[in-house]
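The values are calculated or read from the model by the stated rules, or taken from the named source; none is laboratory data. Remember, it's a predicted structure, so these values are computed and weren't measured experimentally. Virtual Cβ from ideal backbone geometry, glycine too; neighbours counted across all protein chains shown.
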Amino acid sequence: MGQPQVEVRRSKRRRRTVSAYRDGDRIIVLVPASLSPAEEEQWVAAMVARLEKREQRLRPSDEDLFDRALSLSDTYFGGIAVPESVRWVDNQQSRWGSCTPGERTIRLSDRLQGMPSWVIDYVLVHELAHLFEPGHNDRFWGWVNRFPQAERAKGYLAGWTAAAHQSDPLGPTPDDFEDAD
């Protein structure tokens, strides 16, 4: 993938703080104009590393998702929900995740990338529960609600969905998970 393009912007009004953010494919680093070239170089390297670490945490790889699913299964289900695979997909625009219990596969919508980790964890817990409870019955919700932030995550996803579908007040809800046969 290579090194990201970095743009440094010096500001005379900025006195002590250094910050960085991503703008498309570039990383913008804002520094005080008073920094020496050596200080600027150190700060740019530190801020780029910090930003990339944060982005990795918010956008885990498929392998990271799989490892997280196993950890969540151990914590909330005593290890009984073991998927064959867990991966991001870009073809789920109305669902947050899906599970095919027969194949033991879980897919998460890439729309979740960048959301708080506890929201992604909730969706993983929801789909893991389908590995042994295929429907949305009371037993299923009993398992899912072991996740302490389940209600908070449902609310977060409902708010996100409502904001994204303002023209469709009856649009998808957090319970609109696909459960493939």
## Note on the structure
All conditions in (1) within 30 Å of residue 140 (Cα to Cα); (2) loosely packed, with under 14 Cβ neighbours inside 10 Å; (3) within 20 Å of the chain's Cα centre (by Cα); (4) not acidic (Asp, Glu) are true of residue 49 except (1)
### Query
Restricting the search to segment 78-92, which residues are within 15 Å of the chain's Cα centre (by Cα) and either surrounded by 19 or more Cβ atoms within 10 Å (Cβ to Cβ) or of a type outside the set (A, V, I, L, M) (or both)?
86, 87, 88, 90, 92
#### Entry: Candidate set: segment 13-32, residues that are touching a Ser or Thr at 6+ places or on another chain (Cβ under 8 Å) and of a type in the set (A, V, I, L, M, F, W, C); chosen: the one surrounded by the fewest Cβ atoms within 10 Å (Cβ to Cβ)
30
### Query
From 100, 75, which residue is over 13 Å from the mean Cα position of the chain (by Cα), modelled with pLDDT of 90 or more and surrounded by 17 or more Cβ atoms within 10 Å (Cβ to Cβ)?
100
### Query
Could you say whether any residue in segment 1-12 is at pLDDT below 90, in contact with a strand residue (DSSP E or B) (Cβ under 6 Å, 6 or more places away or on another chain), more than 30 Å from residue 127 (Cα to Cα) and buried (at least 16 other Cβ atoms within 10 Å of the Cβ)?
no
### Query
Restricting attention to segment 104-131, which residues are at negative phi, loosely packed, with under 15 Cβ neighbours inside 10 Å and outside any helix (DSSP H, G or I)?
113, 116
#### Entry: Residue tally, condition more than 15 Å from residue 80 (Cβ to Cβ) and either part of a helix (DSSP H, G or I) or out of contact with any Asp or Glu (no Cβ under 7 Å at 6 or more places or on another chain) (or both), over segment 91-101
5
### Task
Filter the strands (runs of 3 or more DSSP E) completely within segment 1-74 down to those with at least 2 residues that are closer than 25 Å to residue 112 by Cα and without any contact (Cβ under 8 Å) to a residue 60 or more places away in the chain.
19-23, 26-32
### Task
Take segment 9-43 and flag every residue that is farther than 18 Å from residue 55 by Cβ and in contact with a helix residue (DSSP H, G or I) (Cβ under 6 Å, 6 or more places away or on another chain).
31
